[in-house]
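Read through the structure below, which is laid out as structure tokens, and then see the notes.
The values are calculated or read from the model by the stated rules, or taken from the named source; none is laboratory data. What you see is a predicted model, and the numbers here were worked out from it, not measured in a lab. Here the Cβ is made from the backbone with ideal geometry for all residues, glycine too, and neighbour counts use every protein chain on show.
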Amino acid sequence: MRRYQKNILSEMLHTLQSAADAVVKQVQSGNKDAVSLLLQQSQECAISMGNTIEGSEGEGFVTVTKLEKYCETLFRISQEISSGEKPDAHKIGKILQKSLIAVENSLNNDIHVTTETVFLPYKASMWDSLESVWLKCREDPDDTSYVIPIPYYEKNPDGSFREEFYEGDLYPKDVPVTGYREYDFEGRHPDRIYIHNPYDEGNYVTSVHPFFYSKNLKKFTDELIYIPYFVLAEPDPNDRETLKNIEHLVAVSAVINADRVIVQSEAMKKAYVNIMTGLAGKESKDYWEKKISGEGSPKFDRVLRAADSEQVIPDDWAAKINNKDGTKKKIILYNTGIQAMLDNDMKMVEKIKDALRIFKDNKDKVTLLWRPHPLLPATIRSLRPSLWREYEQIVKNYREEDWGIYDDSADLDRAIAISDAYYGDPSSVVELYKKTEKPIMIQNAEIVGE
């Protein structure tokens, strides 16, 4: 039986116990009509409990038998009240109490509780922020887990929805996917829901379907848990400038609405607590301390696991990596991010063109693996529309010339695992790449043609 169902049954049992006390008082007062009504309502409540238990545990389950005996007790008391003889209130109270104790013991000891956990990723490339948690749930025999990719939309500059995307077919083959239309959130009421989307309507570039906003999901679960889809450079939680720079990533809907927040480290937890306390007031610090956990990001788990496993490389990639003599070229992971584009505008467009030119000139020595941030095109279209045609043409030319690898797959960790060095913008990918202990160089949009 699901935990939320058992909790409801416990509340119903408490109602029956209160009704039993009320029956005794009404018997003592000689109010037969009130006693009859209480007995009738108690029987209806017990029957409802029995139906719920049978639906979960099957017919003839031991707790149902205890409830049936309780209903028989109610019937006998009703007959005694109707007989005209003066009933013994104390005796009736003891009989009801004994019967309800038998139900309570069976409810607590005979019904096995299971949990149901739902994971709601929206971009397949961000699944790594939830995967290791899902793997642990999958190993728990008392937990049933559902991975339910949800639709999202790119936004127009005016904030309206432009196009719907659904990436349910892009997840690893070992991840069973459930359609978001197939799962009854209200009826099933999962014990836990995990999300990695920080925003509700507050993202200027994309939005998940409004049904899946954190403020709405809270209605359908006992515990809403948020894990950021990104990791950041480890902060000094007491440095005001650092906290100011990351505040827009911390003070978000998911952090406010979730029951629990899991971040990459204890230092990051302190940063979150300090930021949210500063915004909500000193008296809220204990609340944020309890709510936010620094137990680590699943993204780190995924990177390390990928580094230790053999990666499947597409044939067209292999043709660019392998020399004719059988040796392999060095692979450079070129990562272009969102913030660098927003901060530098056309300078970053020119920087990308220049970087590609240099790597093309050296394609016999190294293989370039260009992997833009998955949301970079949508960001440019929404927030920098004047740059879109230029950027789109750069990508088009690169792909048509086909001298390097263009990686727009959902698998970031493969790119990290097979590459020999990182070049590109500051981003969460840098923090993941540090775990590999391979070289990292950050590009500077101010330096072009050198």
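Which residues, counting only those in region 305-336, are surrounded by 15 or more Cβ atoms within 10 Å (Cβ to Cβ), over 25 Å from L376 (Cα atoms) and not basic (K, R)?
Matches in region 305-336: A307, I321.
So Y229 fits all but one of (1) in a helix (DSSP H, G or I); (2) closer than 24 Å to S382 by Cα; what number is the exception?
Here Y229 clears every test but (1).
Would you mind stating whether F75 is surrounded by fewer than 16 Cβ atoms within 10 Å (Cβ to Cβ) and of a type in the set (F, W, Y)?
Here the answer is yes, as F75 does meet what is asked.
Name the residues in region 253-268 that are crowded, with 22+ Cβ neighbours inside 10 Å and assigned to a helix (DSSP H, G or I), would you?
Of everything in region 253-268, those that are crowded, with 22+ Cβ neighbours inside 10 Å and assigned to a helix (DSSP H, G or I) turn out to be A254, M268.
Looking only at region 321-346, count how many residues are among the basic types (K, R), closer than 16 Å to W370 by Cα and either modelled with pLDDT under 95 or in a loop (DSSP other than H, G, I, E, B) (or both).
1
Take the conditions surrounded by fewer than 16 Cβ atoms within 10 Å (Cβ to Cβ), in contact with an Asp or Glu (Cβ under 9 Å, 6 or more places away or on another chain) and over 22 Å from K123 (Cα atoms) and apply them to K215. Does it pass?
Spelling it out, it is not the case that K215 is surrounded by fewer than 16 Cβ atoms within 10 Å (Cβ to Cβ), in contact with an Asp or Glu (Cβ under 9 Å, 6 or more places away or on another chain) and over 22 Å from K123 (Cα atoms).
Can you tell me how many residues within region 403-421 are in contact (Cβ under 8 Å) with a residue 40 or more places away in the chain and more than 21 Å from P228 (Cβ to Cβ)?
10
Quickly run through region 1-11 and pick out the residues that are at pLDDT 95 or above and surrounded by fewer than 15 Cβ atoms within 10 Å (Cβ to Cβ).
S10, E11 - these are the residues of region 1-11 that are at pLDDT 95 or above and surrounded by fewer than 15 Cβ atoms within 10 Å (Cβ to Cβ).
Determine whether region 245-256 contains at least one residue that is closer than 19 Å to T144 by Cβ, polar (S, T, N, Q) and modelled with pLDDT of 95 or more.
no
Go through region 269-298 residue by residue and tally those that are part of a loop (DSSP other than H, G, I, E, B) and in contact (Cβ under 8 Å) with a residue 24 or more places away in the chain.
Residues in region 269-298 being part of a loop (DSSP other than H, G, I, E, B) and in contact (Cβ under 8 Å) with a residue 24 or more places away in the chain: 4 in total.
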